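Trainee: What follows is a structure written as structure tokens; I'll ask about it next.
The values are calculated or read from the model by the stated rules, or taken from the named source; none is laboratory data. No experiment lies behind these values; they were computed from the predicted model shown. Note: ideal-geometry Cβ built from the backbone for every residue, glycine included; neighbour counts use all protein chains shown. Keep in mind that these areas ignore ligands, DNA and RNA; they rest on the heavy atoms of the full protein, side chains included. Shrake-Rupley method; radii C 1.70, N 1.55, O 1.52, S 1.80 Å.
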Amino acid sequence: MAGTQPEKTQDSKDGVENATSPVVNLASGCVLTLMGLAGLFWLIPNHVDASAGSYDVSPAFMPNLAAWVVTLLGATLACSAALKCRAAHPVSNWPALVVPAIWGIASIAIYLGVTNIGFVYVMPLVVAAGLLLSGQRSWPTIVAIAVLFPLAIDLAAWHLFTVQLP
């Protein structure tokens, strides 16, 4: 029964095999595609003012660009996963509502932290946690990325868009 196991990739750093399920990628791609389409056809037209001066960029330009990128990348992920789907897939050990609940709680905590404490202070913790959860174990790399990435985003937002992040 070859082909019933998930695709396995070998991590070159530590030799650990990581199994990726095409079903998860397919579901994620479909959700991202639907979210991008909802942004393009519902959120942005109804909640973003599209009027601009003759030499100005419309305020809807960046949200539209972001929504198109999310839609296209989500569709690409879904199509790629659909091509790799197999008949049998491993079942997760986690109940179906635990992982979305954890992500929901984390999202609320990040939102509250950014709005009440500030972007520059909260995002290094979020970036460091993301790096740790994704398997990065080099502490100098984690510290450098966790500190420099939020600072670069804050400075870029200020200089490019003259927008002070909270």
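Trainee: Where residues in the range 97-119 are part of a helix (DSSP H, G or I), within 20 Å of residue 154 (Cα to Cα) and among the β-branched types (Val, Ile, Thr), which of them is nearest to the chain's Cα centre (by Cα)?
Mentor: Here the answer is 110.
Trainee: For the subset of the range 1-33 comprising residues that are in a loop (DSSP other than H, G, I, E, B) and surrounded by 11 or more Cβ atoms within 10 Å (Cβ to Cβ), which member is modelled with the highest pLDDT? Full working, then the answer.
Mentor: Residues of the range 1-33 in a loop (DSSP other than H, G, I, E, B): 1-6, 11-16, 21.
Of the ones still in play, those that are also surrounded by 11 or more Cβ atoms within 10 Å (Cβ to Cβ) are 5-6, 21.
Details: 5: 52, 6: 52, 21: 72.
Among residues in the range 1-33 that are in a loop (DSSP other than H, G, I, E, B) and surrounded by 11 or more Cβ atoms within 10 Å (Cβ to Cβ), the one modelled with the highest pLDDT is 21.
Trainee: Also, quick follow-up: Please enumerate the residues belonging to the range 121-139 that are open to solvent by less than 50 Å² (accessible area, probe 1.4 Å) and in a helix (DSSP H, G or I).
Mentor: Matches in the range 121-139: 122, 123, 124, 126, 127, 128, 129, 130, 131.
Trainee: A follow-up question, please. Enumerate the pairs (first residue in the range 26-48 and closer than 15 Å to residue 72 by Cα; second residue anywhere and surrounded by fewer than 15 Cβ atoms within 10 Å (Cβ to Cβ) and of a type in the set (A, V, I, L, M)) with beta-carbon separation below 7 Å, excluding pairs fewer than 6 apart on the same chain, so at least 6 apart or on different chains.
Mentor: From residues that are closer than 15 Å to residue 72 by Cα, the pairs are 26/82; 32/73.
Trainee: Looking for whichever is over 22 Å from residue 164 (Cα atoms) and in contact (Cβ under 8 Å) with a residue 12 or more places away in the chain here; the options are 77, 97, 132, 125. Which one fits?
Mentor: The unique qualifying residue is 77.
Trainee: Of all residues in the range 100-120, count the ones that are exposed (fewer than 12 other Cβ atoms within 10 Å of the Cβ) and without any contact (Cβ under 8 Å) to a residue 40 or more places away in the chain.
Mentor: Counting residues in the range 100-120 that are exposed (fewer than 12 other Cβ atoms within 10 Å of the Cβ) and without any contact (Cβ under 8 Å) to a residue 40 or more places away in the chain gives 11.
Trainee: Considering only residues that are assigned to a loop (DSSP other than H, G, I, E, B) and not hydrophobic (A, V, I, L, M, F, W, C), look in the range 140-166 and name the one that is farthest from residue 113 (Cα to Cα).
Mentor: Applying the first criterion (assigned to a loop (DSSP other than H, G, I, E, B)) to the range 140-166 yields 162-166.
Next, only the ones that are not hydrophobic (A, V, I, L, M, F, W, C) stay: 162, 164, 166.
Numbers: 162: 22, 164: 16, 166: 10 Å.
Looking at residues that are assigned to a loop (DSSP other than H, G, I, E, B) and not hydrophobic (A, V, I, L, M, F, W, C), I get 162.
Trainee: Taking residue 36, is it under 23 Å from residue 130 (Cβ atoms) and either modelled with pLDDT under 70 or open to solvent by less than 50 Å² (accessible area, probe 1.4 Å) (or both)?
Mentor: Working: under 23 Å from residue 130 (Cβ atoms): yes; either modelled with pLDDT under 70 or open to solvent by less than 50 Å² (accessible area, probe 1.4 Å) (or both): yes.
For residue 36, the condition - under 23 Å from residue 130 (Cβ atoms) and either modelled with pLDDT under 70 or open to solvent by less than 50 Å² (accessible area, probe 1.4 Å) (or both) - is met.
Trainee: Within the range 140-158, track down each residue that is open to solvent by 40 Å² or more (accessible area, probe 1.4 Å) and either aromatic (Phe, Trp, Tyr) or touching a helix residue (DSSP H, G or I) at 6+ places or on another chain (Cβ under 7 Å) (or both).
Mentor: 145, 147, 149, 151, 158
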